[in-house]
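Here is the structure we will look at.
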Amino acid sequence: MKQRKEMIKFGVCIALLFTLNVLSSFCKPQTGADNESYLDFEILDEQSKTCRLKRCVLKKIRKVDVPETVVISGQTYRLTTIGLSAFYNCDSLEKITLPNSVTKIEKFAFSHCDKLTSITLPNSLIEVKEFAFSRTPLSQVIVPKNVKAIGVKAFDCNIIVDNENPNFCSEDGALFDKTKKSLLSVPIDKKIYTIPKSVEIIAEYAFRSRTIKEVIIPNSVTSIGKCAFVDCWQLSEVVIPNSVEVIGDSAFWQCKSLTQVTLPNSLKEISSSLFEWCTSLKHIEIPNSVTVIGKAAFAKTGLTHISIPESTVKIGDWAFFSCYNLSQVTVSDSLLEIGNCAFKYCENLKQITIPSSTKTVGDWVFPQKCEVVRK
């Protein structure tokens, strides 16, 4: 009994659980006094004697010191991984200390920990997966020198990278690859952000859900990643330079304050859902370089009129779906295809002229009261 109490005191295992042939162990957090709080571990590799923190249940515990080693069935295992959603939505957690044995933090591990304000990432850390610390009030994290991989939207806060890290660097709280050619993430509280002239790629989700009002994109940028500005609800204007050749799917999805967009003459395709749910966007000029307007590209926007340029041969499915204010559409003689539901529920569109060159017209393309005129 005395030995059992000592084990509990130092956060060592107090119970064993077999599930689907995987051995797990429940352990009390070292700082916890509530009997209903525990950490749940599972064996990763028997040969290397490593384990993963599978789950955490906290009851009014604000601080947790995660143990470096765990005793399971009489044997000691080294903790190397914080598992998928291990601390997800732990609304009492304010501070956590991770041991210098952890090499990997998996997806959503600390996501939605609404009071988490302090964490020190261990020097042993190699990989942080997608959304690991998303939706937390962390103001700053320091990325250790050994980290090789950071997933999209892993952090929402200011990031400082150890100068000895060979893979990443930081500036003014933003995260870049070591060459500073790829912008990976910006802090959530930036109102105006000027992208450095070294940047060539804006990575996926780099600005997601930021409160940014203005972003200045230099001529060095050639590519904007998928969902790069998704849900930037305060962003009102963006000028995309002619150096940009590719803009990923949903890059400006649900930017509800966006009123002015300048697209580059180098753009070949308006990707799927690029401006979907941009409800304040009333006008946009499609450059005479665009050959394809993608699926749901302008769906549910505030567009009142649109001119399809001569370069465009295809309008994708749902491209202008539910653009209720759209009353005027001009189509060039080069258009070959209009996809399903492309103008469905555009109730103010009373008439549209389709050229003879358009050989494919999908189903449910126009609102019921729209007159379709063939040239």
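Counting Lys and Arg as +1 and Asp and Glu as -1, each charge on the Cβ, what is the dipole of the chain about the Cα centre in debye, to the nearest 20? Before the final figure, lay out each step's value.
Values: 45 positive and 39 negative charges, 172 e Å.
For this selection, approximately 820 debye.
How large is the convex hull of the Cα atoms of segment 60-198 per residue, expressed in Å³ as a whole number? Numbers along the way, then the final one.
Values: hull volume 13.3 nm³, N = 139.
Normalising the Cα hull of segment 60-198 by residue number yields 96 Å³.
At 7 Å along Cα-to-Cβ for each site, give me the label-to-label distance between residue 117 and residue 340 in nm.
Reported label-point gap for residue 117 and residue 340 is 5.2 nm.
Using a Gaussian network model on the chain with a 10 Å cutoff between Cα atoms, which of 144, 355, 241 fluctuates the most?
Most flexible of the set in this elastic network: 355.
In terms of Cα to Cα distance under 30 Å, which lysines are near enough to residue 197, apart from those fewer than 8 places away along the same chain?
Qualifying lysines at Cα under 30 Å: 129, 145, 148, 153, 178, 180, 181, 213, 226, 256, 268.
Taking all pairs of different Cα atoms in segment 50-110, averaging 1/r and flipping that mean, what Kirkwood radius in angstroms comes out?
12.0 Å
Roughly speaking, what is the stretch gain from residue 268 to residue 65, that is 0.36 nm per residue apart minus the C-alpha to C-alpha distance, in nm to one decimal? Can you show the working numbers first?
Values: separation 203, 0.36 × 203 = 73.08 nm, distance 5.25 nm.
Using 0.36 nm per residue and subtracting the Cα-Cα distance, I get 67.8 nm.
Please give the FRET efficiency for residue 347 paired with residue 216, using the beta carbon to beta carbon distance and R0 = 30 Å, rounded to the nearest 0.05.
Details: r = 38 Å, r/R0 = 1.25.
So the FRET efficiency works out to roughly 0.20.
Just going by the charge dipole of segment 220-375, with Lys and Arg at +1 and Asp and Glu at -1 on Cβ, which of 247, 328, 280 is farthest out on the positive end?
So the residue we want is 328.
Modelling each spin label as a point 7 Å along the Cα-to-Cβ direction, I'd like the residue 167/residue 73 distance in nm, to one decimal.
It is 3.3 nm.
At what distance in nm do the modelled label points of residue 245 and residue 198 sit from each other, each positioned 7 Å from its Cα along Cα→Cβ?
Between residue 245 and residue 198, the simple spin-label model gives 2.3 nm.
About the Cα centre, and with charges only on the beta carbon of Lys, Arg (+1) and Asp, Glu (-1), how big is the dipole of segment 300-375? Nearest 20 debye, please.
On the way: 8 positive and 7 negative charges, 24 e Å.
Computed charge dipole of segment 300-375: roughly 120 debye.
Along the charge dipole of the chain, which of 196, 368, 212 sits closest to the positive end, that is, farthest toward it, with unit charges on the beta carbon of Lys, Arg, Asp and Glu (+1, +1, -1, -1)?
Going by the charge dipole, the pick is 212.
Over the chain, what relative contact order in percent results from Cα pairs under 8 Å that are six or more residues apart?
On the way: 1180 pairs, mean separation 22.0, N = 375.
This gives 6 percent for the chain.
So if I place +1 on the C-beta of Lys and Arg and -1 on the C-beta of Asp and Glu, and nothing else carries charge, what would the dipole magnitude of segment 61-116 be about its Cα centre? I want it in debye, nearest 20. Before the final figure, lay out each step's value.
Working: 7 positive and 6 negative charges, 14 e Å.
In debye, rounded to 20, segment 61-116 gives about 60.
Bear in mind that the values in this text are calculations on the coordinates, not laboratory data. The structure displayed is predicted, hence computed values, not measured ones. Heads up, the Cβs are rebuilt from the backbone with ideal geometry, glycines too, and the neighbour counts pull from every protein chain shown.
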